[in-house]
Every structure is written in C-alpha cells, then in structure tokens.
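What follows is a short report on a single structure.
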Amino acid sequence: MAFMDSFAARLRALQIENMFENDFFLTWDKTDDEIAAVFTVADALRALRENGISPRIFDSGLGISIFRDNSTRTRFSFASACNLLGLTPQDLDEGKSQIAHGETVRETANMVSFMADVIGIRDDMYIGKGHTYQKAVSDAVREGHRDGVLEQAPTLVNLQCDIDHPTQCLADMLHILHVFGGPEQVKGKKIAMTWAYSPSYGKPLSVPQGVVGLMTRFGMDVVLAHPNGYEIMPEVEEVAQKNARIGGGSFRKVETMEEAFDGADIVYPKSWAPFAAMERRTQLYGQGDFDGIAALEKELLAQNARHQDWTCSEAMMRRTRDGKALYLHCLPADITGVSCAAGEVDASVFDRYRTQLYSQASYKPYIIAAMIFLAKRKDPAQTLLALEERGRKRTL
Amino acid sequence: MAFMDSFAARLRALQIENMFENDFFLTWDKTDDEIAAVFTVADALRALRENGISPRIFDSGLGISIFRDNSTRTRFSFASACNLLGLTPQDLDEGKSQIAHGETVRETANMVSFMADVIGIRDDMYIGKGHTYQKAVSDAVREGHRDGVLEQAPTLVNLQCDIDHPTQCLADMLHILHVFGGPEQVKGKKIAMTWAYSPSYGKPLSVPQGVVGLMTRFGMDVVLAHPNGYEIMPEVEEVAQKNARIGGGSFRKVETMEEAFDGADIVYPKSWAPFAAMERRTQLYGQGDFDGIAALEKELLAQNARHQDWTCSEAMMRRTRDGKALYLHCLPADITGVSCAAGEVDASVFDRYRTQLYSQASYKPYIIAAMIFLAKRKDPAQTLLALEERGRKRTL
Amino acid sequence: MAFMDSFAARLRALQIENMFENDFFLTWDKTDDEIAAVFTVADALRALRENGISPRIFDSGLGISIFRDNSTRTRFSFASACNLLGLTPQDLDEGKSQIAHGETVRETANMVSFMADVIGIRDDMYIGKGHTYQKAVSDAVREGHRDGVLEQAPTLVNLQCDIDHPTQCLADMLHILHVFGGPEQVKGKKIAMTWAYSPSYGKPLSVPQGVVGLMTRFGMDVVLAHPNGYEIMPEVEEVAQKNARIGGGSFRKVETMEEAFDGADIVYPKSWAPFAAMERRTQLYGQGDFDGIAALEKELLAQNARHQDWTCSEAMMRRTRDGKALYLHCLPADITGVSCAAGEVDASVFDRYRTQLYSQASYKPYIIAAMIFLAKRKDPAQTLLALEERGRKRTL
C-alpha cells in the first residue's frame, strides 16, 4: 500500500521550487536536485501506470508539438506523455518559412496556446537556431501570460535542439541508473561516448553533447572520442569539464575508439556530423546556396567514409569491461549488414542488446511526462500521494 | 460562490430554443437573443476555466474539422474548443476532387459522423461555394440522423465561408464589448471597416462582410471604405443596411480611408480581394483555365499596388477619436517593414496594440465552444449551473 | 433497467477465453462463438451509447493506426472506436521505405507502443504482404511485452489486409442479421457476391474474400461470380468450402452475374482486381519496374472494359427474390452516371438503398470497438454490466 510514499519522500528532500512554471531547455540549466526530481517523478508515474493507476492530472488541455525535423519516436513519446497526464496532443505543422521571422514566432506561439499546457519542440537542424527558437517561443507565451492573453503559460519542453537532447539523455541516464542499481553504483564507471561510422549524413550533435554534458554530473569517467574534424561544440565541452569537476568524475577526450572502449562499463557509439560543417551548412542555407549544400553533403559523406573502422564490432566490444559493457543507442542505429553495408554497429552486438535498447527508449515518455508534471505542480510530492489515494484505474 | 448564477440568469432571459440541435452558418441567421447567448456562454465557459473548473460536457465524442484552405489559428481554436468540452478533434483531410460532387459530400459526411458531435468547416476560397458546401454537409448529416443512420446529428459550425466568418466576427465583437464595457457603451460608437493594402493576393471577403453584417446590430455607426473595385457582396451590404435600421445604428460607405478613420472609435483596416475578381477566379477555376488564373492574379496584384496609400499609418491613426481608436485585426497582419515592405499597418501601430490584438483572438476558442454548447444543451443555463456544482477541477 | 443483462447472458454462454489479449487478423481464425461475441459486444456498446451511457473503459491510452493505403472511412471508424472506449487515436505516418525491412518493423512497433492499447493496420496493396506485415507487428509487440519493454501488449486489429477485411465483413454480416432478424432467419438465404465493372483499377480482393470466408459460416447459400480471370485467392475459396460444409450452407461459383442474382436474397456486386494480376504487380513493384506497372494498369483497365455488362442495373435487381434483394456495398461505389459514365451500380438502385448502405457502414466503429473490448477484458460480460451500473452519461 501507499507505494507513492517513498517517491514523495525522495521528492520532498529536494530543492525544486524553481521547476514550477518553468521550462526545460538544457540539462545543465538544472540543478542536481532538479535532475533527481525528473528521475523520481518519471519512476513514480511509471509505477502508478504499472500498478494500473491513472496518473492523469489534467481533465482537458492541449499538448502542442512542433517538429521542425522528421520524427516518429519522439512524436509518439511526446503524445504518450501528454496522453498519460490527460492532455490531447496537437501537432503544429508550420512550414519553416511561415514562422521564420521573430514577429511571427511570437504571434503563432500565442495563437495556438490559448488552451495549451505544454509545447514540445524539436528543432535540431541548424546550429545556433534550435535553442534560440525554443527560447523565443517560451518568451512569447510567458509574455502572453503576463499580459493576460493566455490563461496559463504553457511549459516548454525541448524535444531536441542544436545543443542538447535532454529527454533522450535523461532517459539514457535513468536506464543506466536502473541497470547499475543507483547513483552510488554508477560513480567511477567509465562511459565511452564515441563517434561511429554511418553512411548517412548530417546526424545532429545533440546526443553526444547531451551525454557529455549530463553524464559528467554523476561522478562517472566520461570519455569522448571521434575522428579529427568531428568536434562537438566547444561550449558544451566546457560544460562537461565543469560538471566533472563538481560531480567528482572526469571528462577526457581520446583519439581512438579503441582507447575509449578499453575497460568501459558503458559504450554509446553513434554517428554525428562535424560541428563546423553544420555551421557552414547553416550559412549556406541562410544564403539559399543549395548547390553549396549539395557539394557539402558529398564532401561530408566522403569524409565519413574515411572512418569506417569506427564501428562497434564484436572485437571492439571485447575491449570493454569483461567484454560486457552496457551498449547504448538512441535508435535507430545503422546496423552493419542489416540497414546498411557498413554502419555503426555489428548486427550480433545490436541483437544481443536489443531488449535493453528498447528498455532504454521506454523511459522517454515518462521523462517527458515528469518534466510537464514538475512544471505544473507546485507540490508534486503531494500530487503523487493524491494520485495514489484517488486510485483511479487506468482501465475499468 | 455560485458565480454561474448571473450567466444562467442572463441566459434564461433570452429566447434561444431554436439554437438547440441547430447549426451556425451566418450571424444574420440568428436573432439578437441568440447572438447574446453565444457571448454569454463564451464568457461563462471562460470564467469556469479561469477559475480552474472544467467545463467538459462530453465524456467522449469527436469534433471533426474540414479545412479547404490552410489554417493554423482557426485549426487550433477549433481543437481548443473541442478539447475544452471533452471532444476529440479529428481532421478530415480530403482532397478537393474526392468530395467535389454532391453524392460524395452526402456520403462522406455520414461516413465520418457516426460518433461526431460537431463538424467545423472552413471553405472560403470560391464565391458561391463555401456556404453551399456547408449547407450540403449539414443537410446530409441531418438526413442521416433522421434516417437512423447517425445516433446524433453533429452540429455544423462555420469556421469561415465565402460569405461570413462568424467565429472571427463574434470574437471581435465580444472583445469590443469587453473593451468598451458592454452593449450600452458601444451604442453610437463609430467603427471603420476599411480595405488596406497588402502585397498578397486573394484574401477572403468574409471578414469585412461578417463585420458589417454583425456590428450594425449593436447600434454602432458602421462605416465601410475601400478603393473602387473592391466592393463586397451586395447581398451583405443589404443585410448591413437592414441590421442598422433595426439596431438603431447606421451603415455608410465612404470613398476614402481618411474619411472612415475620422473620429472613429474602432478601426479594422484589412486587405481583401475584389468580389467581382473572386467570381471571375471561381469561373476560371471551374473551366480549369489556370493560365487565366495566373493572369488574373498578376492583374489583381497590380490593382492592389495602386492603393498603397490605404494603410493604417500613425498619421491615419491620429485621425481617430483622440488618436486612440481601438485597432482590430483578425491576424496575421501584413506589417510594413516587418512582414513586407509596405503593408496594412505601420509596425509602431501594430506594436502598440499587440496585446489587445492577441486578446481579441483569445475569444475565438470560447465563441466556438459556446456555439457547440448551445447546439447540444436543451437547457444551457442549467448546464452551466451543473458544471459549477460538479466543480470538477481542470487539473488535479 | 439492466438492459445489459441479456447481452451479458449471451456472452456468458460463449467460449471466448482465447480472445483475451489476442489479436484479430482473419475471421476464419476465430470460432463461431468468438464471432458471435464480436456481434454481441458491438450491439451492447451501441445500446449503451444510444441510451446515453458512456462505454469508456480506458481513462487514457493510445490507439495507433497505420494506413499503408489511403483511407477516410476506415480511419474515422477506427478513431471513433478508440474514442468510444477512451483511447486517443494517433496515426503513424511512416513512409513505406522506412519500415520496409524486418528489423525496422520490430523496432518501430515497439517504439510507438509504450502507451498503446491497440494497433490498427490497413495494408491491402500487395498480395502476400499485408497479412505478413500485421503478423510481424504483432509478434514484435508481444515480444516487447514478454521482455518487459512494453507494460501492455497492444492488440492488433486488421483494418484490411491482402487476404481479409474482417471489420468490413463483420459489419456487413451484423447488418444482415439485423435486417433479417437473426441467425435463424439468415439460414438458407442466398447471397450473391459478384464482381462488377468499374473504370478504376486495382481494387483490393479483401472484401469478396472476406465475404465468402465469413458468410458461409451462417448456413447461407453463398454464390461467387466473376468474369474469367478475376479469380480470388484459392486458399480463401477452400476456407469458404470448409466453412459451408461445417455451417450447413453452401458455397458455389457460377459463370454469370445473372445466375448469381437469380432469386438472391442479398447481393454484393463490387469491383476487384484479378488476384493473378495483383501478384504480378507485387513482383513488378519488388523489381522497381514502374514501366511494367504502368503497362499492367493499362492492360487491366482494358480487361475491365470488356465486362461492362457486369453491373447492378435495375434489370439485374429484378432477377432477385421479389426484385427486392438486400443490396450491399462497402462504399464508395462507382455509380453509373454519377461518379462515372458506367460503373458498378445504377443510380436508381443505389438511391433506393442509400439509407440501408449507410446503416451497413454504421456498424464498423462498433465492430472495431468490440474487437478491442474483447481483447482487453478478461470478463467482458462483467464489464458490460459494470458499465451500465456505473451509468456515466456520455454528455452531461
């Protein structure tokens, strides 16, 4: 009975006043307590649902999503989180041109938000744009709320930007915590965030950036490896350095995948595009230089092809601790011999970890729901207890 | 306590029996009492929501939308209204060709309506088509209900047709009533509905038509101004004349924007396409003459360009009462120097009124919800009281 | 009072344990008791709704649809069924290429299903593909559930595959049962499932196959007729033969529409593509031979055109029992002189049966809801009683 008690107690031990009516842009905007609160509420909502109890806190209200890049998984994670809490998902399918300049962002944000409790945005395509756009939307609806235009200020949830991918990386971390047994157990563990070869082009940097920015907070030995030319944003490396210092762990860069994998407890091999190339692409796009973009794409694919040895093969996995590191991926992976001739990971490695990879992904809807929950409840611990006491069954 | 009492009392003083199980096509189909009922229920639903009380009257059911023209704002207003009342919005994305002839309209209307409580339609592209199509859909589902095919007859809500834009104009009017303090306060006020220059082509006539058709009922001095050749539908001018006569106000046409703005209490400067040109366009479209349409578009843009002086500049605003008329727009506006080189309104004017413009728009979801509510409740006053008594919180 | 009693009693007399947590692929996978249970629950849910009582059994949860072919009617039927039971419909709009190979099917199916209670799939375009794909999705989510990835295993509902169209054919049959008065009354009745001319190309075989596979179970005299070259799948003919034998009816093939219509109690004249041609088309598609597909289409249209006399004319209808056979169609029909110059049915015949055709279609949302209900409730009879006892009004 009263299985929410422990979650509520954990939550009450945390300083999380600032989460109420706030947004979620970057994990490093948040304190350790706030990150812990997201995990606690995610686990609590999951426990409620798995015990057949509805965690609906909304009788009505909209959850708006804006996807400026294709998405199936994140779209469904967001829709699932909204549905779990009682919000109706509603997708804003704006052509990029229509909401390009600032005036229109402000106006559109307000016009769609009269009944919105949350706005989730994915905008990861252009360096320097995604995060800025999300901030602009948040500013607009907060201003609208202050001015009495909006009854409520919808909370903004970053579903991936050019800098961070907090819902993914928090889901990854919660998965790690559950696999290893908790925060004490992950201290000192070595995690290898490495580039891996893919025959496709222009994958966002938000995952590697998000991983080194977040995982360094848990006292882990975070190692980043990539071929020359695939640097991530320097600002994020600084965040990782600082977080490692504070969190009692470390952040290092190494030159080879082998070095990163040696003795690793966790590996996260994944392709991404060079930051500098993505900046060039953004400029070319701004100039409408589509020939230039096509030439750049060709150049990048050729550059990728020089690094086909960066792959999570069985041989590479044998270098990890007891050959049994936890393999992570945000999915979908480019699997050698399955989805492409040569890719990020051997089919046999992927197969061995499939169930765990799916479990990793299963945390994302709950992470998103937790972000919304914490932004909307002044006393979230009390609400968890109230949900259990209400005891409304999810199905009759 | 019992803050619904006054709304219920106001509603009970009105003759609104005909609204039950009826549609909403044109404001001039409705009596003054019926218009007043829409305002009263819109305000009541808003009061409930702003007091944290859910106005859900549906446990389940669909709200179907058909947009035969692009729409973001109206789409979200409709989705918001449905959500507020407990209906799930469901968009019917039919290619025009598929539902072009009468037989298919009847069939499709019934096929999608087995669980539908409302159908909202926007069809403003072709003169003589939109209203006709909406009537055909309504006839089809009423026949289906009579024949026992549909358990319930969905109510039809006109989300914009070739003749009127009732959800917009009622939202505009409710905004005016709130700004000025009520029906007594708007009597005798001068409202200038004027054409304004825009570099874009083919904006619907439904807003100016809806405004002169509706605002003339409130004892206002309604002035319409546009360049030669931008006439609205003569039938609607007749409606405006008649409504002015009955309502104790006036309806006049003047030749210049200046004359319209002089001493005005409210101004609504907005671009629209010439009615006659839109008729020609409809004919060309019917003949499949796409070269003719392209030629017409060029001609119309050139015609527009001769009237760039029709713009809501600061100088123009100074002509209004104390230089401080209430500025209205249905949004998005073509703002000079912001969204175009020269447009409908100066950026400084727009900026000064932005918050009020957003407030104006904020009434639309409640107006739509009120239309649905009044069509679905035999004793809407009783339902408002019941909603307050039930006191179900919108969020836990 | 207690009008659910009779439905519950009927249900309790049936052996339906295997329906719980099971899928619905083909009607001939199911026992007679299971088919009877679908009808009983469909009627019960309809009775609840028509008495103003909500049959919602879900507080939250998603109903995912995947349409690999255009659909308006089935899309709304599925959305209606989900809404009726309390699930939020969510459409997965995957490009075919993205979920083409097996690995991706498994992954995508799990990634979208974390909160999904049902997945409805329409995939009828290629022989040998649709049913296989549906099975793959079901296998994937069941594995995900077994592995602890998914809290619940969503039930799979076949919204049309290359073999069967169970939601359509069960709706058709329930309509027949209601028109004729029950299972005893349909015994010995002659039903003519016949090909009919259409100027369009490549209509699926799932309806004629579904009809002969299902209707033969009810002791009816099922007659199939089509021009030479329009054979249905031989496996399904075998199913029909077997079902007729067990069910005490008959299954025969005749050479002409006239012979099929002679003395028929029910007629179902409808165009479909030749099975063999559809197989060739699937091969051409697999080879990427689009010229070949275009040539095949031309050939098939020419082949169709040789059989314009296969049409449900007034003369043809006069051959049926008293000239008054029940006319069925899954809609939309190709109506001579209305939607095409020459088609499946005379306008006067169609007009006379329109209301009945719409009623026929009205069963589909309830059939789908019944399939979900039976897969999700261990004791569905008890749930029906509980729904009536709860007595929650659908509208306040």
* Asked: Has the range A:63-71 got at least one residue that is within 11 Å of another protein chain (Cβ to nearest Cβ) and either assigned to a helix (DSSP H, G or I) or more than 24 Å from A:Ser138 (Cα to Cα) (or both)?
  -> no
### Task
Please indicate, with yes or no, whether at least one residue in the range B:91-105 is at pLDDT below 95 and in contact with a strand residue (DSSP E or B) (Cβ under 6 Å, 6 or more places away or on another chain).
yes
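Among the residues in the range A:345-352, are any more than 26 Å from the chain's Cα centre (by Cα), under 26 Å from A:Ile191 (Cα atoms) and free of Cβ contacts under 8 Å to residues at least 40 places away in the same chain?
Of the residues in the range A:345-352, the ones more than 26 Å from the chain's Cα centre (by Cα) are A:348.
So of that shortlist, the ones also under 26 Å from A:Ile191 (Cα atoms) come out as A:348.
Cutting the leftovers down to free of Cβ contacts under 8 Å to residues at least 40 places away in the same chain gives us A:348.
Yes; the residues of the range A:345-352 include at least one that is more than 26 Å from the chain's Cα centre (by Cα), under 26 Å from A:Ile191 (Cα atoms) and free of Cβ contacts under 8 Å to residues at least 40 places away in the same chain.
Of all residues in the range C:107-141 being in a helix (DSSP H, G or I) and at the interface with another protein chain (Cβ under 8 Å from one of its Cβ atoms), which is surrounded by the most Cβ atoms within 10 Å (Cβ to Cβ)?
C:Asn110
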Only unsatisfied item for A:Gly247, checking (1) in contact with a helix residue (DSSP H, G or I) (Cβ under 8 Å, 6 or more places away or on another chain); (2) over 29 Å from A:Gly181 (Cβ atoms); (3) not hydroxyl-bearing (Ser, Thr, Tyr), is (2)
Report task. Would you confirm whether any residue within the range B:71-91 is closer than 30 Å to C:Ile53 by Cβ, out of contact with any Leu (no Cβ under 9 Å at 6 or more places or on another chain), surrounded by 18 or more Cβ atoms within 10 Å (Cβ to Cβ) and of a type in the set (A, V, I, L, M)? Result -> no
Exercise. Within 14 Å of chain C (Cβ to nearest Cβ) and either touching a Pro at 6+ places or on another chain (Cβ under 8 Å) or without any contact (Cβ under 8 Å) to a residue 40 or more places away in the chain (or both) - does that describe any residue in the range A:321-331?
Worked result: yes
Filtering the range C:222-247 down to residues that are touching a Lys or Arg at 6+ places or on another chain (Cβ under 7 Å) and either surrounded by fewer than 21 Cβ atoms within 10 Å (Cβ to Cβ) or modelled with pLDDT under 95 (or both) yields C:Gly247
Within the range B:285-312, residues modelled with pLDDT of 95 or more and buried (at least 16 other Cβ atoms within 10 Å of the Cβ) come out as B:His307, B:Trp310, B:Thr311, B:Cys312
Looking across the range B:360-384 at residues that are surrounded by fewer than 19 Cβ atoms within 10 Å (Cβ to Cβ) and in contact (Cβ under 8 Å) with a residue 12 or more places away in the chain, the single one that is nearest to the chain's Cα centre (by Cα) is B:Lys378
- [ ] Kindly indicate whether any position in the range C:266-286 is within 30 Å of C:Leu174 (Cβ to Cβ) and out of contact with any Phe, Trp or Tyr (no Cβ under 9 Å at 6 or more places or on another chain).
- [x] no
A:Asp59 vs (1) buried (at least 21 other Cβ atoms within 10 Å of the Cβ); (2) farther than 22 Å from C:Gly148 by Cβ; (3) within 14 Å of another protein chain (Cβ to nearest Cβ); (4) of a type outside the set (Val, Ile, Thr): all pass except (1)
Exercise for review: Kindly establish whether B:Thr311 is out of contact with any strand residue (DSSP E or B) (no Cβ under 6 Å at 6 or more places or on another chain) and farther than 26 Å from B:Thr282 by Cα.
Suggested key: yes
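Among the listed residues C:Gly148, C:Gly144, which satisfies the condition of being surrounded by fewer than 18 Cβ atoms within 10 Å (Cβ to Cβ) and either part of a loop (DSSP other than H, G, I, E, B) or free of Cβ contacts under 8 Å to residues at least 60 places away in the same chain (or both)?
Values: C:Gly144 fails: surrounded by fewer than 18 Cβ atoms within 10 Å (Cβ to Cβ).
Going through C:Gly148, C:Gly144 in turn, the sole match is C:Gly148.
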Residue set A:Leu357, A:Leu374; condition of a type in the set (A, V, I, L, M) and in contact with a Pro (Cβ under 7 Å, 6 or more places away or on another chain); output residue A:Leu374
Scanning the range C:162-182 residue by residue, those of a type outside the set (A, V, I, L, M, F, W, C), in contact (Cβ under 8 Å) with a residue 40 or more places away in the chain and more than 17 Å from C:Gln356 (Cβ to Cβ) turn out to be C:Asp162, C:Asp164, C:His165, C:Pro166, C:Thr167
Picked from the range B:19-51 (must be more than 30 Å from C:Arg49 (Cβ to Cβ) and over 22 Å from the mean Cα position of the chain (by Cα)), the residue surrounded by the fewest Cβ atoms within 10 Å (Cβ to Cβ) is B:Glu50
Query raised in the report: Does B:Val179 satisfy being at pLDDT 95 or above and within 24 Å of B:Ile57 (Cβ to Cβ)?
Result: no
Can you say whether B:Ala81 is over 24 Å from C:Pro332 (Cα atoms), facing another protein chain (nearest Cβ under 10 Å) and modelled with pLDDT of 95 or more, as far as the supplied structure shows?
yes
Per the filter on the range C:124-152, residues of a type in the set (A, V, I, L, M, F, W, C) and under 16 Å from C:Thr108 (Cβ atoms) are C:Ala136, C:Val137, C:Ala140, C:Val141, C:Val149, C:Leu150
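The values are calculated or read from the model by the stated rules, or taken from the named source; none is laboratory data. Bear in mind that the values here come from a model prediction, so they are computed numbers and not experimental data. When we count neighbours, we look across all protein chains shown, and the Cβ atoms used for this are built from the backbone with ideal geometry, even at glycine.
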